[in-house]
Structure formats: C-alpha cells, structure tokens
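Read the structure below first, then the notes.
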Amino acid sequence: MADVILTNVRPWGGAPADIVVSGGEIRSVLPAGTAPEDGDHLDGGGLLALPGFINAHAHVDKSWWGQPWVSYGGEATTQGRISHERAERDALGIPSTDSTTAVLREFLRHGTTAVRSHVDVDLGVGLRGIEVVREAVAALDGAVEVEIVAFPQDGVVRRPGVLDLLDRAAAAGATSIGGLDPASIDRDPVAQLDGLFSIAERRGVGLDIHLHDRGELGAFQFELIIDRTLRTGLRGRVTVSHGFALGELPADRQLRLVEACAEAGVSWATVAPVRTAPLPWRGMREHGVPIGLGTDGIRDLWSPYGDGDILRVALGFARLHGLRTDEELAHAVELATTRAAGFVHRAAHDLVAGARADIVLLDAENVQDALVRAPRRQLVLAGGRVVVRDGELRV
C-alpha cells in the first residue's frame with residue numbers, strides 16, 4: 001500500500017502525472033488518473049513538480065538567524081572576516097542549535113531537502129559545531145539530510161592541533177574534511193594539502209577545499225590539488241569550493257584545467273556571487289565536471305545576506321553567466337537538483353522510481369518560469385512527509 005499518492009502534478013513541466021510514494025521513496029510515476037486508490041491522496045492541482053533542491057555549499061553552524069540584527073563589521077578580507085568571527089561568535093552564542101535549526105527550517109520552507117554543510121572545526125570550538133548541527137538535524141526528524149564537512153576556517157598547519165581535530169571529525173563520521181586557501185592562509189600549500197590528503201585517504205572521506213585566491217595564485221593551487229588527487233585514491237572525491245580564479249584565466253588555460261579536473265574527478269561548488277568572473281560552465285558540462293550550487297553563509301558574521309532559497313541562487317548563477325535560452329535556464333535548475341546528487345552521495349535525485357521522495361510543487365508555467373520568478377513553494381515533501389503546505393512549514 002502506498003503511503004502518499006501525489007496526484008495531478010507536472011514533473012519538470014511535462015504531462016500531468018501521479019507520483020506514488022511508499023517508505024519514503026518514489027515507487028512509481030504514472031499518467032494522471034491511473035494511480036491506485038489505496039493511500040493518502042494529495043491533489044497537486046496541476047502544479048509544476050521538481051525534485052527537492054540540493055544545497056551543495058552551506059555553513060549552517062555560523063548563522064545568527066532568529067536573533068536580533070547583527071551589524072556587519074570587521075575588515076572585508078578573508079583573514080579579516082576570520083578574525084572578526086573569532087572575536088564575536090561567542091557573544092552571539094555561535095554555534096547555536098536553535099539558530100542552526102532555524103536555518104534548516106528556512107531551507108525546508110524553500111524546498112531544500114539535502115545539504116552539504118561546512119562546519120567550523122578549530123582550537124576554540126573544537127568539534128562542538130558538528131554536535132550542534134547533528135542536534136538540529138535530529139530536531140527536524142530527518143526532514144532535511146545534512147552531510148558534514150569538517151571545516152578548518154582558521155587555517156590548518158598554522159594552527160597546530162587542527163589536523164588532529166580534522167582526523168577526529170573524520171573518524172566520528174564527517175563525510176568530508178575541508179581546507180582553506182593553502183597558499184594565502186597557511187602560506188604553506190604543500191604542508192596543508194599533504195596533511196588533508198593523508199587524513200582523507202586514511203579515513204576514507206572526501207575533501208572539499210575553499211579557494212578564494214585569485215588569478216595565478218589560485219590556478220597554482222588548482223594544479224596542486226589536481227596533482228595530488230591523481231596520485232592518490234581520491235579520484236571523484238575532491239571538491240573545490242568557490243575557485244574564483246578559474247573564471248579569471250585565459251580561455252586556453254581554463255580548458256586545460258577543466259580537462260585535468262575531469263580526469264581527476266574534481267567537482268566544483270559555487271554560490272555564484274556578484275562581481276566574480278563567470279565559470280566556463282559549458283566546458284565543465286562538456287567534460288563532465290560536476291557543478292553544485294550553494295547558499296554559503298546565511299546571515300552570519302561574514303555577510304548579512306541570504307534567505308536560504310537555492311532556487312534564487314540558481315537564478316543568480318543564470319544571470320551571472322548570461323543564460324537566456326530555455327535549455328540553459330533549465331540547466332540552472334538541474335544544477336540545483338538532479339545534477340547535484342553526487343554532492344550529497346545520492347545515486348539518483350529526481351522524480352523517478354527509487355529516488356527519495358523529495359518533491360517540490362510550484363505554481364509556474366514551466367521550469368524556466370519557476371527559475372526567473374522563484375515563486376512560493378506550495379507543497380514540499382521530504383522523504384515522503386509533507387513539510388510545507390501553502391508556503392508554510394509543517395515541522
């Protein structure tokens with residue numbers, strides 16, 4: 001017997017269909033009006049149906065969401081933001097289970113059902129941030145699934161003891177460990193990467209490395225990461241986050257790096273920020289380099305911006321990269337859904353049999369209309385559970 005039958009919806013804007021859900025998974029997708037009678041029928045009203053959104057780069061432990069407004073402060077550089085955050089986070093109770101839960105609830109309200117979140121691991125907070133995120137996920141009873149990247153925001157080799165913390169986090173179940181600007185933050189890229197790759201190989205986890213460095217300095221670090229990935233057992237398990245330098249390089253240099261990333265199975269996570277150079281996304285698609293979209297921080301000590309809506313991030317990606325055709329606009333939505341499955345280790349993430357029943361309904365003519373308007377999420381199913389109805393949370 002089906003648990004839920006979502007009737008009269010238009011998967012990806014196609015023909016009306018009924019989606020049969022059982023045990024938290026999609027059991028079948030049938031022509032509208034042909035689903036079995038048994039089960040809890042939910043009328044989709046002919047709305048557009050998309051898979052749940054995947055946030056491939058978040059920092060859910062850092063937010064002051066739900067607290068009084070915090071004014072932006074500190075020096076607007078990577079090191080300046082790190083120092084400001086370290087000075088102010090304790091006074092704001094960061095990391096906080098309540099704020100983290102509130103951020104995850106906003107993700108759900110906007111239809112995001114799976115997240116890869118970087119969680120700060122450093123000498124001040126230890127592994128407490130990871131515990132906070134796990135508590136927040138538990139409070140939502142599995143409605144949103146979160147993969148944890150143990151993230152050394154304050155540096156790696158310049159802070160003796162951080163590599164040990166990362167090793168402990170990996171041993172305790174973090175899916176990946178992170179890194180940060182090996183050249184400009186640690187000023188010793190070889191030592192940072194040697195330490196990170198050693199842990200990742202020994203513990204069987206992935207790597208997700210923030211790279212803010214621009215131009216040739218950034219390109220140099222891409223080459224180091226690709227080289228180590230090719231020489232280790234980490235093919236297909238390394239992600240570069242941000243990687244602003246790639247869009248700034250000459251076209252021939254971009255192509256060589258994209259080809260090398262493809263060979264090493266290196267993926268790319270971007271938040272498509274304004275005033276950055278567009279990625280060579282067409283070449284990345286052609287060569288099979290996965291791109292994931294993320295929100296980055298949401299109202300934290302790095303930035304006051306963010307509302308948790310990954311569909312708006314997809315729109316930002318489309319605008320930054322000048323996407324206009326129907327095929328291109330649909331591709332931006334795919335980056336926020338099906339094409340991001342690997343970032344959260346899902347074999348399939350789509351409106352197909354066998355996929356987790358993460359389904360979002362929107363009042364939109366088609367996928368392109370949904371992207372450019374980012375309308376309210378009328379209904380959200382997460383693992384087959386109704387978590388949003390008429391734009392309002394039910395969890």
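A short reminder: the numbers here are calculations on the coordinates, not readings from a lab. Here the structure is a predicted model, which is why all the values come from computation and not from measurement. Ideal geometry is used to build each Cβ from the backbone, glycine not excepted, and the neighbour counts take in all protein chains shown.
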Euclidean distance of C-alpha centroids, region 302-323 and region 95-147, integer Å: 21
For 372-383, 49-60, ranked highest to lowest by mean beta-carbon neighbours within 10 Å, the order is 49-60, 372-383
Would you tally the net charge around ALA332, using a Cβ to Cβ cut-off of less than 15 Å, leaving ALA332 out, and scoring K and R as +1, D and E as -1? +1
Out of these labelled values of percent of Cα pairs over 28 Å apart, [x] 67; [y] 45; [z] 60, which was calculated from the coordinates shown here? [y]
Cα long-axis angle, helix 78-88 against the chain (0 to 90 degrees, to the nearest 10): 80
Counting only helical runs of four or more DSSP H residues, what would the 222 nm mean residue ellipticity of the chain come to if each run contributes -39,500 (n - 2.57) and the total is spread over all its residues? -10000 deg cm²/dmol
Extension length gain for LEU230 and ASP43 (0.36 nm per residue less Cα distance), in nm, is 62.3 nm
Under 5 Å between amide H atoms, partner at least 5 residues away or on a different chain: which partners does ASP208 have, H built in plane at 1.01 Å? ILE177, GLY178, GLY179, THR239
Under the 7 Å Cα-to-Cβ spin-label approximation, ARG128 and ARG324 lie apart by a distance in nanometres of 5.3
For ALA269, the residues 5 or more places away or on another chain with a placed amide H closer than 5 Å to its own amide H are VAL240, SER241, HIS242, GLY292
Listed residues ALA340, ALA353, ALA91, most fluctuating in the chain (Gaussian network, C-alpha, under 10 Å): ALA91
Give me, ordered by chain and number, the residues 5 or more places off ARG116 or on other chains with an amide H under 5 Å from its own placed amide H. ASN55, ALA56, HIS57, ALA58, GLU147
Can you tell me the orientation of helix 215-231 relative to the chain, as the angle in degrees between its alpha-carbon axis and the longest Cα principal axis, to the nearest 10? 80
What list of ³J(HN,Hα) couplings, whole Hz, do you get for region 8-22 from phi and the Karplus terms 6.51, -1.76, 1.60, once you set θ to phi - 60° and write x for glycine and proline? 6, 10, 10, x, 6, x, x, 5, x, 8, 10, 10, 9, 10, 8
Please compute the contact order of region 53-344 in relative form: average sequence separation of alpha-carbon pairs under 8 Å and at least six residues apart, divided by the residue count, as a percent. 21
Looking at region 10-78, which GluC sites (Glu not before Pro) are DSSP coil and have at most 13 other C-beta atoms within 10 Å of their C-beta? GLU37, GLU75
How long is the gain from VAL372 to ASP98 if the chain were fully straight, where each residue apart is worth 0.36 nm and the alpha carbon distance is subtracted? 95.4 nm
Backbone HN-Hα couplings from phi across region 367-378 [Karplus 6.51/-1.76/1.60, Hz, Gly and Pro as x]: 4, 5, 4, 4, 5, 6, 9, 6, x, 3, 7, 6
When only Cα pairs under 8 Å and 6 or more residues apart are kept, what is the percent relative contact order across region 269-395? 17
Among VAL146, VAL372, ALA219, which residue has its Cα furthest toward the positive end of the charge dipole of the chain, with +1 on Lys/Arg Cβ and -1 on Asp/Glu Cβ? ALA219
Step through the residues of region 288-294 one at a time and calculate ³J(HN,Hα) from phi using the Karplus curve (6.51 cos²θ - 1.76 cosθ + 1.60, θ = phi - 60°), rounding each to whole Hz and writing x for Gly and Pro. x, 8, x, 10, x, 10, x
Taking 41 Å as R0, compute the FRET efficiency from the Cβ-Cβ separation of GLU25 and GLU75 and round it to 0.05. 0.25
For the residues GLU223, GLU327, what sequence is obtained by ranking on other C-beta atoms within 10 Å, fewest first? GLU327, GLU223
Taking the alpha-carbon centre of each part, the distance from region 324-374 to region 191-227 in Å is 30
How far apart, in nm, are two points set 7 Å out from the Cα along the Cα-to-Cβ line at ASP188 and at HIS287? 3.2
Can you give me the distance in nm between label points at ALA15 and ASP363, each placed 7 Å from the Cα along the Cα-to-Cβ direction? 2.7
